[in-house]
Every structure is written in C-alpha cells, then in structure tokens.
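J.: The structure under discussion is supplied below as structure tokens; questions concerning it will follow.
The values are calculated or read from the model by the stated rules, or taken from the named source; none is laboratory data. Because the structure is a prediction, the values reported are computed rather than measured. Note: ideal-geometry Cβ built from the backbone for every residue, glycine included; neighbour counts use all protein chains shown.
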Amino acid sequence: MQRILITGALGQIGSELVVALRERYGCDAVVASDIRMTPARDADGTGPFELLDCTDFRQIQETVRRYDIDTIYHLAALLSAVAEEKPRVAWDVNMGGFYKVLEVARESKCAVFHPSSIGAFGPSTPRDGTPQDTIQRPTTMYGVTKVAGELLCDYYYTRFGVDTRGVRYPGLISYVAPPGGGTTDYAVEIFYEAIRNQRYSCFLEADTCLDMMYMPDAIKAAIDLMEADASRLVHRNAFNVAAANFTPETLAAEIRKHIPEFVIKYNVDPVRQAIADSWPASIDDSTAREEWDWAPSYDLETMTTDMLENLRKKLG
Ligand code: NAD
Ligand code: AKB
C-alpha cells in the first residue's frame, strides 16, 4: 500500500495533486503538508495535513516516520521570478529543502518525485525541439537549483538506490490555485482578466514562444511516471514533457474565439522577459513517450475551452 507525503501541497500543483492522489489511493494514505496553512482550507480538507518546513530535517523525518510514508512528492520550492528576487532563499528552500527530503528518503527507503522545469535549460541549450539530453547552463538561480536537483536525483538513485523520478514541466495552466510567481504565470492571469475585464496587460512580449501544459496533464504525468515500470526507465529523472506550444498573441487569439471583445496589451517586465528568453521555445518529449508512454490529453484549443468554462463557474 502506498503512503504518500506531499510537500508544498497548498501550491498550484499540490492543490490538485492532493485530490488526485486521494482519489486513487484513499484519503488517509495521502498526507498533505506546507509551510503555511490558509485560514480557509488545509489542502482539500479530506485527509491529514501537517505544517512542515522542508528545510527542517527533523520535521520531515518525524512526519515520514509517524505516517509510515513510502513515497514523497516534493513540490515545495520558489518559482523562477520569485527566486530571482530572493536568490538566497531560493537556494535554501529549493536546494537545502530537497537535499533534506532526499536524505530522509534514503534513511526511510521512500520513492521521490521531483518536478524539474524547462527552467533547467539556458541560452546555450538548443532552442527548438530541445532534446532530453543536452547542454544545461541556466542563467537563473531557479535553473541552477533545478539542474542541481536533477543531478542529486541521479546521484541518490545510483549511489543509494533511492527510487527518484522526475519530469521537466513546462509552464502550467490551471484554475484551482493561483500560480506561485513564475515566468509563465501570464498564461493563467490572462484567463482571469479575460473573464473579469475582457482585457489583459501581458508582462512578456507578444511573440515569446514557450511550452505550456494544462494541469490535468501535469498531474497525470507525475502519477504515471511514479507508477511506471522501473525496468523500462533508462533516464528515471527529469523527463522532458510537453503538451501545447504558443505565444501570448496566439493564446489571446484562442481566447478571442470565446470572448470576441478580449484585448491584449503589452507592458513587458524586463526581468521575466530575460528569463523567458533564456528558456527553450519548444522541447522534445519523445523520451518520455518511449519510456513510460507519456501522452498529454489537452492541446491549446481544448485547454482554453475547459479553462474558461471552469473559471467562469469559479468566478461566478
Ligand atoms: P507554488 O509556488 O504554487 O507552490 C509551492 C508551495 O511550496 C507553496 O504552497 C509554498 O507555501 C510552499 N513552500 C514554500 N517554501 C516552503 C518550505 N520551506 N517548506 C514547505 N513548503 C514550502 O509552486 P507549484 O507551481 O505548485 O510548483 C511545485 C513544484 O513544481 C516546484 O518545484 C516548481 O519548481 C515545479 N514546477 C512548477 C511549474 C509550474 O508552472 N507551476 C513548472 C515547472 C516546475
Ligand atoms: C516558472 O515560470 O517559474 C514555472 C516553470 C516553467 O518552471 N512556471
């Protein structure tokens, strides 16, 4: 029986991963945790929740022992834009926290899911159709922690046999919880503003092309990889996964099919633009398709339709 701990469970991914894992393995089998507790809710409120700072080794160790955890989905981290504002904190949380999670996993023989990012690439990486194995010299603190995290995963697997697995997510789009301060956040904000005000001021340039993914596919990727037949996994860590590929202008045009009066303007933030410019325009996810049958369900059209429908319900 799986007994799962999720760190950073109140964030954009965790808010939906907790629900999906509880549906699959039972409510009591999934312990949600975060450094904060919102007054209104503790994850989805249907199972155990712990206040847990992932930089505190003892807290992780005690929680894993108390609940007899065998699998950790480690989501606690600072995202790219926030990490550029606070590089020291980003190093402490993204690197220090992950190292401690891996140490507890080694000690208690837990499997670990680690979400890396397209941010693990940099300006010297091939920009189009970025391969699975390629140059990784990121120029952001976020990217530095993601590459180091990928390497640590490989190290803990080969040196200690810890069952580490991970994907490189593109920008994630969802309506349940807001994004946590990334460079791709525009692709979520745009939907809120399209419904509320029929206009949006975008902080990236009109033709900034990036890979994106709808949250149901991101959740599926995490669970499918953790359940994949280990004997087929050549890479194990940091699989490129992609679903949709577009610019702000293309996304605005797609939204306009549903909200014809929608207008997009541009007020470019140089910091986030520089981060986006250092990332691939598109990544090649054929290795994930070969090794664990990765296949997304949503493209730009189906994601936009579903996002607008659900966000309209949410916003009343
Ligand atoms: P998020 O910012 O929405 O959530 C992160 C959560 O971590 C927050 O709830 C925060 O309170 C918590 N947290 C922060 N510091 C903590 C600490 N010291 N101890 C415990 N919890 C702490 O992030 P997310 O979008 O859910 O991302 C989760 C993971 O997925 C991150 O590693 C991120 O880099 C990665 N990722 C996300 C995206 C995306 O588009 N959302 C894309 C690629 C990779
Ligand atoms: C960010 O923009 O920081 C994240 C990511 C792609 O890692 N959404």
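J.: For residues that are away from ligand 1 (no atom under 15 Å from the Cβ) and assigned to a helix (DSSP H, G or I), scanning just the stretch 187-219, find the one that is nearest to Asn94 (Cα to Cα).
T.: Tyr192
J.: A follow-up question, please. Hey, any hits in the stretch 22-33 for a residue that's within 16 Å of ligand 2 (Cβ to nearest atom) and touching a Cys at 6+ places or on another chain (Cβ under 9 Å)?
T.: No, that holds for no residue.
J.: Out of everything in the stretch 143-174 that is free of Cβ contacts under 8 Å to residues at least 60 places away in the same chain and within 16 Å of ligand 2 (Cβ to nearest atom), what residue ends up being nearest to Asp211 (Cα to Cα)? Outline the logic, then answer.
T.: Filtering the stretch 143-174 down to residues free of Cβ contacts under 8 Å to residues at least 60 places away in the same chain leaves 144, 146-149, 151-152, 155-156, 158-161, 171.
Narrowing the set further to residues that are within 16 Å of ligand 2 (Cβ to nearest atom) leaves 144, 146-149, 171.
Numbers: Val144: 20, Lys146: 17, Val147: 18, Ala148: 22, Gly149: 21, Gly171: 6 Å.
Checking each candidate, the answer is Gly171.
J.: Just one of Ala177, Ala111 is aliphatic (A, V, I, L, M) and over 14 Å from the mean Cα position of the chain (by Cα); which is it? I'd like the intermediate steps shown before the answer.
T.: Details: Ala177 fails: over 14 Å from the mean Cα position of the chain (by Cα).
Matching residue, one of Ala177, Ala111: Ala111.
Here is a yes/no grid of residues against (1) of a type outside the set (A, V, I, L, M, F, W, C); (2) more than 10 Å from ligand 2 (Cβ to nearest atom); (3) at pLDDT 95 or above:
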residue: Ala77; (1), (2), (3): no, no, yes
residue: Glu85; (1), (2), (3): yes, yes, yes
residue: Asp92; (1), (2), (3): yes, yes, yes
residue: Met95; (1), (2), (3): no, yes, yes
residue: Tyr99; (1), (2), (3): yes, yes, yes
residue: Glu107; (1), (2), (3): yes, yes, yes
residue: Ala111; (1), (2), (3): no, yes, yes
residue: Ile118; (1), (2), (3): no, no, yes
residue: Phe121; (1), (2), (3): no, yes, yes
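J.: For the subset of the stretch 253-306 comprising residues that are in a loop (DSSP other than H, G, I, E, B) and β-branched (Val, Ile, Thr), which member is nearest to Arg236 (Cα to Cα)?
T.: Taking the stretch 253-306 and keeping what is in a loop (DSSP other than H, G, I, E, B), we get 257-262, 267-269, 278-282, 284-285, 293-299.
If we keep only those that are β-branched (Val, Ile, Thr) too, we end up with 259, 268.
Values: Ile259: 42, Val268: 37 Å.
Filtering first and then ranking leaves Val268.
J.: Now for a different question. So, in the stretch 187-207, how many residues would count as being in contact (Cβ under 8 Å) with a residue 12 or more places away in the chain and more than 14 Å from Lys314 (Cβ to Cβ)?
T.: First, the residues of the stretch 187-207 that are in contact (Cβ under 8 Å) with a residue 12 or more places away in the chain: 187-188, 190-192, 194-196, 198-207.
From what's left, more than 14 Å from Lys314 (Cβ to Cβ): 187, 190, 198-207.
Within the stretch 187-207, residues that are in contact (Cβ under 8 Å) with a residue 12 or more places away in the chain and more than 14 Å from Lys314 (Cβ to Cβ) number 12.
J.: Shifting gears a bit: Go through Thr184, Thr164 for me and flag whichever is within 12 Å of ligand 1 (Cβ to nearest atom) and among the polar types (S, T, N, Q). Step through it out loud before you land on a result.
T.: Numbers: Thr164 fails: within 12 Å of ligand 1 (Cβ to nearest atom).
Checking each option against the conditions leaves just Thr184.
J.: Something else now. Looking at the structure I just gave you, is Arg236 over 14 Å from the mean Cα position of the chain (by Cα), under 21 Å from Asp284 (Cα atoms), crowded, with 18+ Cβ neighbours inside 10 Å and assigned by TED's automatic domain parsing to the domain that holds Ala81?
T.: Working: over 14 Å from the mean Cα position of the chain (by Cα): yes; under 21 Å from Asp284 (Cα atoms): yes; crowded, with 18+ Cβ neighbours inside 10 Å: yes; assigned by TED's automatic domain parsing to the domain that holds Ala81: yes.
Considered against the rule, which asks whether it is over 14 Å from the mean Cα position of the chain (by Cα), under 21 Å from Asp284 (Cα atoms), crowded, with 18+ Cβ neighbours inside 10 Å and assigned by TED's automatic domain parsing to the domain that holds Ala81, Arg236 comes out as yes.
J.: All but one of (1) within 22 Å of the chain's Cα centre (by Cα); (2) surrounded by fewer than 16 Cβ atoms within 10 Å (Cβ to Cβ) hold for Cys209; which doesn't?
T.: (2)
J.: Same structure again: Is the stretch 6-27 home to any residue that is part of a strand (DSSP E or B) and either over 15 Å from Ala177 (Cα atoms) or within 14 Å of ligand 1 (Cβ to nearest atom) (or both)? Steps first, please.
T.: The initial filter retains those residues of the stretch 6-27 that are part of a strand (DSSP E or B), namely 6-7.
Remaining after also requiring either over 15 Å from Ala177 (Cα atoms) or within 14 Å of ligand 1 (Cβ to nearest atom) (or both): 6-7.
Yes, because at least one residue in the stretch 6-27 is part of a strand (DSSP E or B) and either over 15 Å from Ala177 (Cα atoms) or within 14 Å of ligand 1 (Cβ to nearest atom) (or both).
Quick grid of which residues meet (1) under 20 Å from the mean Cα position of the chain (by Cα); (2) small (Gly, Ala, Ser):
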residue	(1), (2)
Ser286	yes, yes
Glu290	no, no
Ala295	yes, yes
Asp306	yes, no
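J.: Among residues belonging to the stretch 52-75 that are closer than 16 Å to Pro115 by Cβ and among the aliphatic types (A, V, I, L, M), point out the one that is nearest to ligand 2 (Cβ to nearest atom).
T.: From the stretch 52-75, those closer than 16 Å to Pro115 by Cβ are 54, 71-75; that's our starting set.
Among the residues that remain, those that are also among the aliphatic types (A, V, I, L, M) are: 72, 75.
Working: Ile72: 20, Leu75: 12 Å.
Out of the qualifying residues, it is Leu75.
J.: Would you mind stating whether Glu50 is outside any helix (DSSP H, G or I) and either in the same structural domain as Cys110 (by TED's automatic domain parsing) or of a type outside the set (A, V, I, L, M) (or both)?
T.: Values: outside any helix (DSSP H, G or I): yes; either in the same structural domain as Cys110 (by TED's automatic domain parsing) or of a type outside the set (A, V, I, L, M) (or both): yes.
Criteria met by Glu50.
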